[in-house]
Every structure is written in structure tokens, then in C-alpha cells.
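Before any comments, here is the structure.
Nothing in this text is a laboratory measurement; each read-out follows from the coordinates by a stated rule. Everything numeric here is computed off the predicted structure, so don't read it as measured data. Cβ atoms come from the backbone with ideal geometry, glycine included; neighbour counts cover every protein chain shown.
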Amino acid sequence: MPKYFDCCLDLKLGTFNLRQSFATDAVSIGLFGASGAGKSSILHAVAGLIRPQAGWIKINQHIWFDQRKHICLSVQKRRIGLVFQDAQLFPHYSVQKNLCFGLKHVSPPDRKFDFNEIVDLFKLEHLLTRMPAKLSGGEKQRVAFARALLYSPDLLLLDEPLSALDTAHKNEIIPFLQLMKNQLHIPMLYVSHDLQELQHITETIWYL
């Protein structure tokens, strides 16, 4: 039976070699392991930011990469939403303009979410006119998640998005991520070295 995620990767980055395979029907996967285990490298390979030496990447039965078939889709064609531990907001844009940056790159018929729906979900209405420098760490990450969703991605790639936050801000963000999983049903690949965090947010966990 076809799996939602079907990946077999052979990665060589300098002296670092990684061979990893995973296939699952789950649409929210956690990648757990110690620093240097290759979690972020797998995420970057799925994103198309680095190219594996061999293997394949199939998402929802669509081939994003297959070395034997000489298929390697560009980052743009993979339609991914990326969120890193640093929110990476545009500092010269207000929250509203940051959110609209992803939205304007999606034609109206292809938009999966309404702007106001996402603003309400992440409780951002009172922040729309603020600049990123005036936001707390937790607020910045909420904006980053909302912006990624407004790009209408086929897959969210989350690279330790809570690791730079203190416990209070982590606890503030986790309920929003649970809503993303349970209400929006957006597929996600979530990298973290915090096992409890992954257990709260993802359906299944792969250990590196």
C-alpha cells in the first residue's frame, strides 16, 4: 500500500555519511536524534536544498527526487513551507506584510487558507501593524508558522522551531502546533532533539 512519506537517502557531506530510510502513512513525522545525527540534513534533502548521492524522496506518491530516474525537482516545485529556529522574518516589513509575502506568491484558486483564518488561528490580529523588532520570541515564531501556511505548502518542514525559546514561550507555541496537526491536517516533517516536544506534536517519530 502506498505510503505518504517514502524516503531512502544516501547523503555525503564532507566526511559525514548518512544512509536513512523511512516510509509511513502518517502525515506528521518527528525526526529525533542527538546533535550531529543528520536530522537537519534529511530535512534539507527533502526541501531540495542539498542533493543526495542516491535514493529517492516520494511525498504523497509524487516523486521529488529519484537518482536512478534522474529526477530532482527544484525547491520551488516542491511547494514547501520552511520554519527554522530563527523565525527569519523580514525586519523591514510589518507582521501583515510578512504574512502577505507568502500569500502573494500563490494564485487565489491555489490558496488553501484564508488570510483571516490563519490570523485568527495564531491570534495575530493585534500584532499586524507591529515590526518584528517589537515582537517577543514566541510571537515571532507564531508569525513564521502563519507565513509558512499562507504559502499553501504541500509539506511543512520544521527545523527545531522551538529550540531558541524558553519554556514559557515553548508552552505558548505547542498548542498552536497541535491545532495545525489536528485541524488543518498539514503534512509536516518536524526536527527536534526534544522527544517530549515531538510526542506532543507529531503522529510518529523516527529515531536517528
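Only DSSP H runs of four or more residues enter the estimate; each adds -39500 (n - 2.57), and after division by the residues of the chain the mean residue ellipticity at 222 nm equals -8500 deg cm²/dmol. Checking (i) 1.02; (ii) 0.96; (iii) 0.94 against the coordinates, the calculated Rg/Rh (Cα atoms, Kirkwood Rh) falls under label (ii).
Scalar couplings 3J(HN,Hα) for the range 45-55, obtained by applying the Karplus form with A = 6.51, B = -1.76, C = 1.60 to θ = phi - 60°, are 5, 4, 5, x, 7, 10, 10, x, 6, 7, x Hz; x denotes Gly and Pro. Checking the cross-link pairs Lys77/Lys170; Lys77/Lys140; Lys12/Lys181; Lys3/Lys69 against a 21 Å limit on the alpha carbon distance flags Lys77/Lys170; Lys77/Lys140; Lys12/Lys181 as lying beyond it.
Taken along the Cα-to-beta-carbon direction at a fixed 7 Å, the label points for Thr204 and Ala164 span 3.2 nm.
In the chain, excluding the sites themselves, the longest stretch lacking any of the trypsin sites (Lys or Arg not before Pro) that are in a DSSP loop with at most 11 other Cβ atoms within 10 Å is 105-208.
With a cut-off of 11 Å, note down the residues of the range 126-153 whose backbone N falls inside the zone around a label point 7 Å from the Cα of Leu184 toward its beta carbon. Taking a point 7 Å out along Cα→Cβ of Leu184, the residues of the range 126-153 whose backbone N falls under 11 Å are 142-153. Here the spin labels are modelled as points 7 Å beyond Cα on the Cα-Cβ line, and at Gln88 and Leu49 they lie 0.5 nm apart.
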